[in-house]
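Notes for the one structure printed next.
The values are calculated or read from the model by the stated rules, or taken from the named source; none is laboratory data. Because the structure is predicted, anything quoted here is derived from the model rather than measured. Here Cβ is always computed from backbone atoms with ideal geometry, including for glycine, and neighbour counts include all displayed protein chains. Quick note on the areas: whole protein, heavy atoms, side chains included, nothing else; ligands and nucleic acids left out. Shrake-Rupley method; radii C 1.70, N 1.55, O 1.52, S 1.80 Å.
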Amino acid sequence: MLPVAVLAYFLVAVVLPDCAWSQQSEEEIKSIADSHPGCFFAGWEYKPAIPGAVVAPTLQTCQLLCEKNASCTVFTYWQANSSCSFSGDGAMRTKTTSLAVAGHGVCPPPTPAPPAACSTELPGNGFPSWTIKSSNAAWPSGKQPKNLECWPTTWIGKHRPCDKVHVIEDTKVGWPGKCRDLKKVSGIRDEARCSALCRTDPKCPSWQLAINTSCFHGLGVDCYVRDFTPVAAQRLLHGNVRKLMDLTGWQILGLSRIFLDDNGYFGDQQDAIKACRKSCYSDIHCQYWQYSPKFGCWVEDATKSYAPPYPLTLDWAYRTTPFAADCVAGEMIQHICPAEAARKTSSSSNLDCATRGARYEPAAGTWSDTTVSVTASQCQKACARQPQCAFFSFWSKGRCERAGPGARLVAAQTGVLAGPRSCSETPTTSTSVPPSATPAPSTPTAGVDEHSRVKRDYIYMVGMNFTIHNVQYGTLGLQHRSLLESKFVETLADQLEVKQKEIMNMPEGTPKTVRLEGRHGPETFLLAWTQNRPSDSSDTSELKAIIMSPQMAAALELAVGDVVHLGNEAIMGHVLVSANPIKVEAHPAPEAERGWWERWWPFFLLLLLIAGAIFSFGGCIMWPGQEKDSDMDYGENERVGFTDPWSTQSRAREYGQSGLRRYLPKRQGEFTV
């Protein structure tokens with residue numbers, strides 16, 4: 001590899017003779033990094049590095065050397081000694097000295113500019129107004145931005161963690177951190193885990209570690225004066241904040257007071273205003289904050305059952321109240337997480353040849369490989385570097401599958417991208433399936449054996465088994481067991497990013513249920529099943545990584561703490577959750593649900609037969625209306641003594657009258673022949 005790098009070094013020297021082969025200044029390197037956001041990262045490095053660093057006089061040269069190296073995906077350039085180290089797929093970017101720059105061998109396409117509602121749009125005159133329509137009309141886009149409209153979400157609507165997290169209050173630099181009304185995080189008893197869990201949860205405004213090493217999360221109230229001193233505490237800002245409107249001189253209804261400076265803690269009013277502002281900035285659900293020296297600090301609190309309406313109208317915003325007259329500061333804000341800072345979000349791909357919602361399934365016995373990539377473009381590049389690779393499949397969480405020429409396209413979840421090793425090549429597969437359709441059975445093709453074909457008629461179920469230590473199942477009451485089962489369904493669905501109905505107690509069991517069992521000692525076992533992703537694949541590595549992760553264990557520990565608290569006789573000590581090996585079972589795929597026509601056609605056929613019978617026999621029935629019409633038609637004839645011999649009604653009436661006369665006395669002058 002070293003000779004290749006040296007050769008590439010001289011090629012760059014020939015191709016780029018105008019490059020200055022002298023050490024770049026720190027200012028020049030920083031300028032290049034700042035001008036290419038998302039490609040270069042000053043003060044960062046990639047680990048692990050491929051052995052054998054080379055010398056590169058400039059940052060651009062280091063990038064070109066990486067691009068020409070078949071094993072290099074990302075690189076680190078050290079300005080102090082002009083050293084250039086290469087790293088491959090799966091390398092992690094870590095913080096280091098300011099004299100290092102981490103970068104991509106090929107810069108990813110620029111992130112599209114955010115919409116105006118998330119970047120530049122501000123309300124005009126007339127906001128808020130008396131009606132919903134006029135309040136929305138005051139915005140250039142025709143509507144007020146919704147809360148967290150500009151925050152990235154998963155495909156099930158869960159807000160993604162943001163890599164841009166800033167500490168805005170810290171007990172280490174003078175913040176008291178004495179907050180009340182925080183939520184206890186069960187199972188976390190050290191500062192590092194308490195802090196890390198809050199940083200990865202965008203809904204966590206602050207964390208606090210109490211003297212008894214209990215961990216607490218939440219917005220918090222009265223954080224400045226209280227007979228209590230925490231071990232450590234921080235208030236965090238997730239993402240960025242954009243000011244939409246100044247609320248000085250207003251009163252917005254639906255807010256909650258979080259502190260009142262009646263003890264004179266803040267010597268300067270500006271310090272109180274800053275503290276109030278930071279409280280709202282730390283909560284991504286907070287859109288409004290206001291400070292009044294007389295009435296205190298008021299913010300929008302998502303944990304309360306009340307809040308300002310959407311859109312804001314003058315029914316909830318006043319300028320003539322005592323609070324409004326005393327309000328010296330306030331803002332309407334918007335929380336934003338830049339697309340490049342959202343975790344587990346695949347980059348906007350420029351791959352015109354890729355198919356969304358599909359993946360390539362390797363044929364049995366053919367070459368395949370799994371690696372990690374940051375973007376779909378990197379996954380395709382990794383495929384192109386492997387001679388045996390013909391197709392790639394990229395998951396939004398970074399999973400990159402490479403497959404040989406015998407692979408076929410099958411349906412997958414929406415967040416998956418699949419395509420050929422190069423967009424200039426036309427993909428040729430044994431079976432082509434539209435991503436939105438369920439693969440239909442087909443006859444075996446060349447390179448695909450019978451087992452691989454039949455496997456598409458099965459779904460693969462993944463069994464999860466967790467041990468909950470220090471929770472004695474036999475002592476749990478029925479109510480606690482039921483609440484725990486419901487909480488575990490919610491937690492598992494949230495962590496696996498699936499719907500709750502996809503969590504089952506058995507492979508073909510009841511949706512939205514789990515099983516709790518107690519076998520021996522102070523332990524409870526949690527058993528649950530869900531479909532693999534995609535369901536027709538036997539590769540469970542994606543789900544297995546989530547199930548066995550520390551985040552899953554921490555989330556289940558929190559779920560236990562939400563239901564069963566310390567002091568309950570079932571809690572025998574510190575609650576810990578550990579994941580046991582998963583189980584995989586293949587089950588016949590259920591038949592496709594019949595459409596409404598297949599279910600209801602017999603009913604419509606019966607209606608049709610009844611209607612036909614009615615119309616067929618309708619002519620044989622003398623309806624009351626018909627008799628009346630007959631009388632009208634022939635009444636004139638009867639008055640002149642004329643009877644139509646061809647009239648059916650006349651003959652029937654005459655026959656009826658003659659029969660009736662046999663039983664009635666003869667009238668005067670009437671005779672019979």
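Pairs with C-alpha atoms separated by more than 20 Å, drawn from the list Lys158/Lys278; Lys544/Lys583; Lys487/Lys583, are Lys158/Lys278; Lys487/Lys583. Between Thr213 and Ala232, the contour length at 0.36 nm per residue exceeds the Cα-Cα span by 5.9 nm.
Among 138-147, 262-271, sorting by the average number of other beta carbon atoms lying within 10 angstrom of each residue, highest first, gives 138-147, 262-271.
Packing here is the average count of other Cβ atoms within 10 Å per residue, and on that basis the peptides 364-372, 327-335, 579-587, 284-292, highest first, run 284-292, 327-335, 364-372, 579-587. Positive contributions from Lys and Arg (+1) and negative ones from Asp and Glu (-1), summed over other residues with Cβ under 13 Å from the Cβ of His469, come out at -1. For the residue pairs Lys178/Lys294; Lys30/Lys243; Lys47/Lys499, the C-alpha atoms sit more than 24 angstrom apart in Lys30/Lys243; Lys47/Lys499.
How high is the FRET efficiency between Leu122 and Ser486 when r is their beta carbon distance and R₀ equals 41 Å, given to the nearest 0.05? Efficiency at R0 = 41 Å is approximately 0.40. Treating r as the C-beta distance of Trp597 and Glu149 and R0 as 30 Å, the FRET efficiency rounds to 0.15.
To the nearest Å, what is the center-to-center distance of the stretch 358-386 and the stretch 217-285, using C-alpha atoms only? What the calculation gives is 49 Å, centre to centre.
Subtracting the Cα-Cα distance of Ser549 and Thr303 from their residue separation scaled by 0.36 nm leaves 85.7 nm. With a/c under 1.5 counting as rounded, go ahead and sort the stretch 217-270 into rounded, prolate or oblate using the C-alpha gyration tensor (a ≥ b ≥ c being the square roots of the eigenvalues; past the cut-off, prolate if a/b is larger than b/c, else oblate). Because a/c hits 1.5 or more and a/b fails to exceed b/c, the stretch 217-270 counts as oblate. Rounded to 0.05, the FRET efficiency of the Arg242 and Ala613 pair, given R0 = 60 Å and the Cβ-Cβ distance, is 0.25. Computed from backbone phi with θ = phi - 60° and the Karplus coefficients 6.51, -1.76 and 1.60, the 3J(HN,Hα) list for the stretch 118-133 is 10, 9, 10, 5, 9, x, x, 4, x, 10, x, 10, 6, 10, 4, 4 Hz; x is used for glycine and proline. In order along the stretch 208-215, the Karplus-derived 3J(HN,Hα) couplings, from 6.51 cos²θ - 1.76 cosθ + 1.60 at θ = phi - 60°, round to 8, 10, 7, 4, 7, 6, 7, 9 Hz, and Gly and Pro are given as x.
Note on Glu27 and Ile582: the model spin-label points, each 7 Å out from Cα along the C-beta direction, lie 5.4 nm apart. With all protein chains in place and a 1.4 Å probe, the accessible surface of the stretch 466-533 carries 47 percent carbon and sulfur.
Stretching Lys95 away from Leu606 to a fully extended chain increases their span by 176.5 nm, per 0.36 nm per residue minus the current alpha-carbon distance. Take each peptide in 606-616, 496-506, count the other Cβ atoms within 10 Å of every residue, and average; sorted highest first, the result is 496-506, 606-616.
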